[in-house]
Amino acid sequence: MSELMRLFIELAERWQRRWREARVFEPEPSPGTPKFFITAAYPYPNGAIHIGHGRTYLIADVLARFHRHFGRRVLYPMGFHYTGTPILTIAEVIAAGDKTVIGEYMEIYDVPEEEIKKMGDPLYLARYFHLKSKKAMEAFGLSIDWTREFTTIDPEYQRFIQWQFEKLRKKGLVVRGRHPVGWCPRHQMPVGAHDTKDDKEPDIGQWTLIYFADGEGLIYPAATLRPETVPGVTNLWINPEADYVVAEVDGRRMVLSRDGAYRLSFQTSVKVIREVKGGEFVGRRVQNPVTGEWVEIYAARFVDPKVGTGVVMSVPAHAPYDYAALRDLGVERLIPLIRVEGYGEYPAKEVVERMGIKSQDDPALEDATKEVYSAEYSRGVMREDVADLVARHLPEPARSMVRAVFKMYFAGRPVKEAREFISKWLVESGLGGVMYDVMNKPVYCRCGTEIVVKVLEDQWFLNYGDPKWKEAARRLIEEINIVPSDAKAQFLATVDWLDKRACARTRGLGTPLPWSPGWVVESLSDSTIYMAYYTVIKKIRQFGLKPEQLTEEFWDFVLLGVGAVGEVAKKTGVPPEALKAIREEFEYWYPLDSRNSGKDLIPNHLTFFIFNHVAIFPRDKWPRQIVANGWVLREGEKMSKSKRNVLPLDKAVAMYGPDPLRATLAVAAEVEQDLDFRDAEARRNAQHLAAIYGLVQKIAQSAEDRAATWVDRWLLAEVANALERAKEAYEKVRVRQAAVEVLFNLKSVFDQYLSMVDKPSTLAKEAAKAWVVAMEPLVPHLAEELWAMLGGNGFAATAPWPTLKPDPAALLAKRYVDMLIEDVKKIPAFGPAAKKILIYVNRNFAWVKAALGGDVRAAVQAGVPPQAAKRLVDMVKTLGDEMRTLIAAADKFDELEALNTYKTYLEKTLGVPLEIYDADDKAAPDLGGKKRAALPLKPGIYIHT
Ligand SMILES: [Zn+2]
């Protein structure tokens with residue numbers, strides 16, 4: 001560790017200790033005082049938190065610290081999520097002696113061997129990483145109120161979750177029933193995003209199975225997503241080299257891939273009779289159950305036995321893969337089914353030929369398929385004559401009856417409707433079935449087992465499919481501020497597709513379902529409204545309430561205001577004053593002002609957070625803002641345990657010091673962007689912060705009490721402007737923008753100031769104090785140190801946001817001087833031969849204001865001499881927007897005085913001595929006619945060579 005990093009760490013530890021001693025971050029409610037309540041997703045202690053967590057917690061901390069400067073009570077609490085399988089699974093794997101996982105834990109998290117041995121116990125493991133992560137958060141300088149810390153297996157928390165679930169059940173939002181869920185065959189339980197490797201949510205889709213039968217009555221269940229194309233089937237495909245089985249499925253003998261039979265066995269009864277290679281079925285003839293036509297089974301190596309049933313129907317007119325594969329075999333038979341604007345009778349053939357696809361192995365077939373499927377699904381209409389294709393094998397009157405149904409619901413219908421109709425019709429008439437599958441496979445449980453889909457009969461679900469619930473969730477999404485704003489669409493899309501979701505498990509840590517023994521509320525269901533729990537747990541402990549006193553009446557009263565305090569006190573044994581104080585605390589802090597999380601939690605946790613808030617709380621308690629930040633990469637790569645490149649937060653703090661790490665995580669990318677953490681950049685930022693330290697130290701030590709010059713005023717004016725911009729950026733959660741403004745732009749301003757003055761003035765000290773407050777949210781330890789050095793009162797963390805008066809004239813003076821420097825440099829005579837520069841100043845600033853409107857006549861009427869008016873109006877037009885704004889805002893501006901103050905700066909910059917004259921000074925020599933030509937803001941310049 002370098003000397004510099006060590007200094008940053010020592011400095012941070014000193015201030016962290018002082019904050020703790022003064023209880024700076026432990027707010028009490030204060031009715032009438034504005035408040036800001038912010039939370040970030042609590043971590044699972046199944047490993048130490050890393051810089052990805054660090055980034056989310058930092059953004060929340062920056063907002064918390066920013067709001068503290070406006071006199072708001074700010075609450076930023078933290079808890080630990082012990083619930084469910086994330087912890088249990090890791091403990092099991094470690095207990096089983098898994099070398100990979102143990103290696104990862106020892107190497108990435110530096111867990112000593114004697115500790116690893118104890119981590120087979122899930123509680124021990126959770127406790128270990130809980131403490132390690134908490135220490136990392138403290139060392140990182142997060143302004144967390146630890147008096148409200150909890151774990152999700154605390155008995156009080158369990159009471160709270162049970163209350164929540166009773167509420168949901170009474171509203172009819174918890175249902176039990178048959179439903180497909182992602183399932184770990186080894187653990188024998190449902191799995192969601194937080195139970196899988198890489199937190200991948202299994203995407204459950206549905207195949208329609210269509211029962212083709214051979215002469216012996218053996219069924220070949222073709223799995224398809226496009227059952228409406230079944231009248232156009234010309235053959236079936238089976239992979240001759242793959243393993244298949246003949247099995248009894250629900251009492252019927254069927255042929256399907258061995259893998260398909262395994263997966264289907266989680267959804268219905270499957271009994272394998274014999275195992276065979278797919279080749280055995282090639283060449284057999286089977287009957288299309290819809291048309292009655294007999295077609296042949298062809299061999300196809302492209303059939304994946306892990307997808308669907310391993311039996312695929314071939315529809316060459318509308319499926320590019322089928323068309324290309326049949327063309328390779330020299331077979332061309334096309335049955336047109338669907339009309340789509342912009343395509344002819346056979347869209348598949350057309351697209352394959354247009355793309356120049358050579359064979360069934362061409363990767364372009366993927367794009368061809370997407371194009372045809374999406375065109376047909378969104379704009380396609382079934383042809384009228386498809387009804388004539390169906391039921392050719394049935395005798396009258398059955399044939400006419402079936403055709404009549406197809407004419408009504410299928411022929412001439414949009415593809416979407418036809419698909420819905422036929423898949424229902426197939427199942428109802430016993431000619432087909434349904435099979436669920438993981439569409440984004442492979443998805444693995446944390447234990448390494450591949451996830452399948454199971455149909456559960458008696459599972460408990462939260463019914464996110466409830467239309468009224470969805471409606472209320474959408475209303476909240478419309479109202480809430482979301483950063484970045486374009487994530488709103490993703491929330492709305494999630495609300496659309498969300499359906500029933502398993503909310504309880506039969507194993508894992510957590511809260512038992514109050515009404516159904518043996519079930520435990522799972523981790524994405526017990527983490528949706530816990531922000532409310534932070535507001536009350538402190539007082540629950542202070543009043544020494546027992547878990548059994550935290551009844552339904554208790555929570556109804558403190559969280560919903562339901563019930564009379566006297567009765568609730570009588571029923572629960574909680575003193576009325578305790579009930580009132582706890583209720584007040586909730587009323588003060590709720591609603592939540594900001595919820596911060598990674599963007600990966602939008603489709604699950606953050607959307608559930610919205611759903612559960614609208615279900616439980618009245619509208620005035622709905623959350624106000626969600627901030628979803630991007631990923632953190634390390635040296636351009638995704639962090640993963642298997643690559644061993646995860647950077648734990650405690651290690652990162654030790655490597656760079658908390659403030660350089662914070663500055664890097666704040667400035668390397670804007671909130672919603674992915675951030676690439678680079679070692680070199682963190683080290684550069686450490687140097688940069690050290691330079692800020694040196695700069696402020698110089699001001700603190702050498703400032704002299706003197707009358708403010710234009711230069712001093714300019715510094716203050718620049719700081720005032722930058723603070724205004726930074727404030728707006730913080731308010732809009734543009735953390736990178738704020739950091740650039742405060743840590744970089746302002747640093748340059750101060751550097752320039754010091755280069756222009758012999759000694760800084762006390763005004764510069766005031767400017768530096770303002771600067772320190774503005775940087776405090778980002779680099780709080782450094783800010784405290786500098787604040788103390790500058791003689792600030794109390795902590796920088798609680799100093800009010802500075803109110804500096806804008807000073808347009810001071811800014812104007814500096815811009816004017818810089819403009820003059822540029823003008824001099826453009827004059828050909830300026831060069832090594834230049835000996836002296838004469839400047840003639842026209843002091844009639846009022847003329848410039850009169851010329852600002854751009855109208856010559858108006859300028860003359862306002863007092864500009866006619867001979868100068870046109871030139872002046874033209875000159876003013878060439879000035880930039882900022883300059884014009886400053887001119888409009890400045891009442892008075894004495895050019896001569898400004899130039900005299902900046903004389904040393906000008907001479908230093910230009911390297912030539914200067915003589916400055918008032919153009920109205922009769923005694924001054926008029927060299928080269930420059931005296932007469934001088935305009936306000938455009939002095940006459942004469943160069944002596
Ligand atoms: Zn598993």
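Numbers for the structure displayed
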| item | result |
| --- | --- |
| Among (1) open to solvent by 70 Å² or more (accessible area, probe 1.4 Å); (2) in contact with a strand residue (DSSP E or B) (Cβ under 9 Å, 6 or more places away or on another chain), the one test that Ala411 misses | (1) |
| From Pro517, Pro512, Pro484, residue being open to solvent by 10 Å² or more (accessible area, probe 1.4 Å) and either among the hydroxyl-bearing types (Ser, Thr, Tyr) or within 28 Å of Glu672 (Cβ to Cβ) (or both) | Pro484 |
| Residue match in the range 400-411 (condition: among the small types (Gly, Ala, Ser) and closer than 21 Å to Ala319 by Cβ) | yes |
| Looking only at the range 84-106, and only at residues there that are within 16 Å of the ligand (Cβ to nearest atom) and β-branched (Val, Ile, Thr), the one that is modelled with the highest pLDDT | Ile94 |
| Residue count for the range 769-794, restricted to those that are of a type outside the set (Asp, Glu) and in a helix (DSSP H, G or I) | 15 |
| Any hit, the range 202-211, residues being among the small types (Gly, Ala, Ser) and free of Cβ contacts under 8 Å to residues at least 40 places away in the same chain | no |
| Checking Gln459 against (1) away from the ligand (no atom under 16 Å from the Cβ); (2) at pLDDT 90 or above; (3) not acidic (Asp, Glu), the condition it does not meet | (2) |
| Tally of residues being of a type outside the set (Gly, Ala, Ser) and in a loop (DSSP other than H, G, I, E, B) across the range 893-916 | 5 |
| Unmet requirement for Ser597, which otherwise passes all of (1) out of contact with any Asp or Glu (no Cβ under 8 Å at 6 or more places or on another chain); (2) within 17 Å of Tyr42 (Cα to Cα); (3) part of a helix (DSSP H, G or I) | (3) |
| Filter pass, Asp593 being open to solvent by 10 Å² or more (accessible area, probe 1.4 Å), more than 30 Å from Arg684 (Cβ to Cβ) and in contact with a strand residue (DSSP E or B) (Cβ under 6 Å, 6 or more places away or on another chain) | yes |
| Pair list, Cβ under 6 Å, 6 or more apart: the range 180-192 residue in contact (Cβ under 8 Å) with a residue 40 or more places away in the chain and at positive phi, other residue more than 11 Å from the ligand (Cβ to nearest atom) and of a type in the set (A, V, I, L, M, F, W, C) | none |
| Meets criteria (at pLDDT below 95 and either crowded, with 24+ Cβ neighbours inside 10 Å or within 25 Å of Tyr730 (Cβ to Cβ) (or both)) for Thr39 | no |
| Close pairs from the range 627-641: first under 20 Å from Leu58 (Cα atoms), partner basic (Lys, Arg) and open to solvent by less than 30 Å² (accessible area, probe 1.4 Å), Cβ under 8 Å, at least 6 apart | Val627/Arg595; Asn629/Arg55; Val632/Arg55 |
| Qualifying residues in the range 618-638 (those that are open to solvent by less than 10 Å² (accessible area, probe 1.4 Å) and not β-branched (Val, Ile, Thr)) - the one nearest to Met775 (Cα to Cα) | Asn629 |
| Failed criterion for Ala247 (all others in (1) open to solvent by 10 Å² or more (accessible area, probe 1.4 Å); (2) free of Cβ contacts under 8 Å to residues at least 40 places away in the same chain; (3) in a strand (DSSP E or B) hold) | (1) |
| Condition met for His81 (more than 16 Å from the ligand (Cβ to nearest atom), at pLDDT 95 or above and out of contact with any Lys or Arg (no Cβ under 9 Å at 6 or more places or on another chain)) | yes |
| Residues within the range 66-93 that are part of a helix (DSSP H, G or I) and open to solvent by 10 Å² or more (accessible area, probe 1.4 Å), tallied | 6 |
| Residues that are over 26 Å from Pro832 (Cβ atoms) and not in a loop (DSSP other than H, G, I, E, B), drawn from the range 917-930 | Asp918 |
| Residue that is farthest from the ligand (Cβ to nearest atom) [pool: residues in the range 163-202 that are surrounded by fewer than 19 Cβ atoms within 10 Å (Cβ to Cβ), at pLDDT 90 or above and closer than 30 Å to Val93 by Cα] | Pro185 |
| Boolean, Met382 is of a type in the set (A, V, I, L, M) and closer than 25 Å to Glu350 by Cα | yes |
| Qualifying positions in the range 419-456 - of a type in the set (Val, Ile, Thr) and within 16 Å of the ligand (Cβ to nearest atom) | Val438, Val443, Thr449, Ile451, Val452, Val453 |
| Qualifying residue in the range 142-155 (condition: small (Gly, Ala, Ser) and more than 16 Å from the ligand (Cβ to nearest atom)) | yes |
| Index of the failed condition, Asn793 passing every other in (1) over 36 Å from the mean Cα position of the chain (by Cα); (2) in contact (Cβ under 8 Å) with a residue 24 or more places away in the chain | (2) |
| Test: residue in the range 639-651 that is surrounded by fewer than 18 Cβ atoms within 10 Å (Cβ to Cβ) and in a strand (DSSP E or B) | no |
| Subset tally (residues that are open to solvent by less than 10 Å² (accessible area, probe 1.4 Å) and either in a loop (DSSP other than H, G, I, E, B) or under 30 Å from His944 (Cβ atoms) (or both)) for the range 869-892 | 3 |
| Checklist (1) assigned to a loop (DSSP other than H, G, I, E, B); (2) open to solvent by 10 Å² or more (accessible area, probe 1.4 Å); (3) in contact (Cβ under 8 Å) with a residue 60 or more places away in the chain applied to Leu524, failing item | (2) |
| Wholly within the range 304-399, helices (runs of 4 or more DSSP H) carrying at least 2 residues that are more than 44 Å from the chain's Cα centre (by Cα) and closer than 27 Å to Asn239 by Cβ | 320-328 |
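The values are calculated or read from the model by the stated rules, or taken from the named source; none is laboratory data. Everything quoted here is computed from the prediction, not taken from an experiment. As a convention, Cβ positions derive from the backbone with ideal geometry for all residues, glycine included, and neighbour counts pool all protein chains shown. Just so you know, the surface numbers come from the protein's heavy atoms only, side chains and all, with ligands and any DNA or RNA stripped out. Shrake-Rupley method; radii C 1.70, N 1.55, O 1.52, S 1.80 Å.
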